[in-house]
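Working notes for the structure below.
None of the figures in this text is laboratory data; all of them are computed from the coordinates on show. In this text, all values refer to a predicted model and were calculated from it rather than measured experimentally. Reconstructed Cβ throughout: ideal geometry from the backbone, glycine too, with neighbour counts over all protein chains shown.
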Amino acid sequence: MTALIIQAVQVVQAAQEYDDGEIPAEGISNVAVLLIFVGAPALLFLVIALLVMSPSMARGPRYRPGLGWWASPVWFNGPDDADAAVRHATPTTEGGGTSARW
Amino acid sequence: MARVPAGEAFSERQNDDIVRAIRLARKQADLPVSVYVGTLEGDPRDVAMLLHGALGEKAPESVLVAVDPGSRRLEIVTGRDVRRRLDDRSTGLAAMAMTSAFQGGDLSGGIANGIIALAEHAQTPRSLHTGAR
């Protein structure tokens, strides 16, 4: 057991000795380690998440049948003053059409 | 084209889709279509008839498509004159096309497709012996 440990220590020491022509560089600081191995992946994660979520965020709330309606009324090609027009309107009686539900 | 009131119901592109469909119906079939999207409080059919009446002097030849997404009701009202070339069976078919899109959550697409379906049904075949309509 002890022989094994001594052997392992020797291996580690051998690894710390430099090869011929090897010039050791300075180690990187803890801050740099954090930036490279934590910061960069986190940034990448955020960018991808944003890319995935942005289209639906830009589109706004989506209509889902059965979950109610939130928007104010819209009238395309309607009367110029909708409120006044509705107040003074007489309902159409001789018309036709369809009712449907979904 | 009358104004489009500001509302957050549709995005700009969805608005454009509906406006383009309305313009197409006007151009291809000379069919004035008005689209209301909002709550129809009370009896939906009565409210839709009132809204159609509110279109004023162009009401007899106009089609109103009223959509209440909250209570999931669709009302199509045809005026007295336009009813002659756009019968209830045709509006029923357009309504079916619309509601199937609405079920999938596609309001603006369903409305645009429905308007185009209405315009296709309303196209009067050119008759050779009676001349101008």
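Would you pick out the residues in the range B:85-109 that are in a helix (DSSP H, G or I), in contact (Cβ under 8 Å) with a residue 12 or more places away in the chain and either more than 12 Å from the chain's Cα centre (by Cα) or more than 7 Å from chain A (Cβ to nearest Cβ) (or both)? First the steps, then the outcome.
Going residue by residue through the range B:85-109, those that are in a helix (DSSP H, G or I) are B:88-103, B:107-109.
Keeping just the survivors that are in contact (Cβ under 8 Å) with a residue 12 or more places away in the chain gives B:90-91, B:93-95, B:97-99, B:101-102, B:107-109.
Within the range B:85-109, B:Ser90, B:Leu93, B:Ala94, B:Ala97, B:Met98, B:Thr99, B:Ala101, B:Phe102, B:Leu107, B:Ser108, B:Gly109 meet the criteria.
Any residue in the range B:110-125 that is surrounded by fewer than 21 Cβ atoms within 10 Å (Cβ to Cβ), more than 22 Å from A:Asp80 (Cα to Cα) and aliphatic (A, V, I, L, M)?
Of the residues in the range B:110-125, the ones surrounded by fewer than 21 Cβ atoms within 10 Å (Cβ to Cβ) are B:113, B:116-117, B:120-121, B:123-125.
Keeping just the survivors that are more than 22 Å from A:Asp80 (Cα to Cα) gives B:113, B:116-117, B:120-121, B:123-125.
Retained after the next criterion (residues that are aliphatic (A, V, I, L, M)): B:116-117.
Looking through the range B:110-125, at least one residue is surrounded by fewer than 21 Cβ atoms within 10 Å (Cβ to Cβ), more than 22 Å from A:Asp80 (Cα to Cα) and aliphatic (A, V, I, L, M).
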> What pairs can you find where one residue is in the range A:35-62 and farther than 30 Å from B:Gln103 by Cβ, the other is not in a helix (DSSP H, G or I), and their Cβ atoms are less than 9 Å apart, with a gap of 6+ or different chains?
Replying inline: A:Ile36/A:Ile28
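Being of a type outside the set (D, E, K, R), within 25 Å of the chain's Cα centre (by Cα) and within 7 Å of another protein chain (Cβ to nearest Cβ) is the filter here; which residues of the range A:55-83 pass it?
Taking the range A:55-83 and keeping what is of a type outside the set (D, E, K, R), we get A:55-58, A:60-61, A:63, A:65-79, A:82.
Subsequent filtering for residues that are within 25 Å of the chain's Cα centre (by Cα) retains A:55-58, A:60-61, A:63, A:67, A:70.
Selection gives A:Gly60, A:Tyr63.
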> Filter the range B:41-84 for residues that are surrounded by fewer than 18 Cβ atoms within 10 Å (Cβ to Cβ), of a type in the set (D, E, K, R) and touching a helix residue (DSSP H, G or I) at 6+ places or on another chain (Cβ under 7 Å); which is nearest to the other protein chains (Cβ to nearest Cβ)?
Replying inline: B:Arg80
>> I need every pair where a residue in the range B:28-40 that is more than 10 Å from chain A (Cβ to nearest Cβ) has its Cβ under 6 Å from the Cβ of a residue that is surrounded by fewer than 20 Cβ atoms within 10 Å (Cβ to Cβ), sequence separation at least 6 or different chains.
In response: B:Ala29/B:Gln123
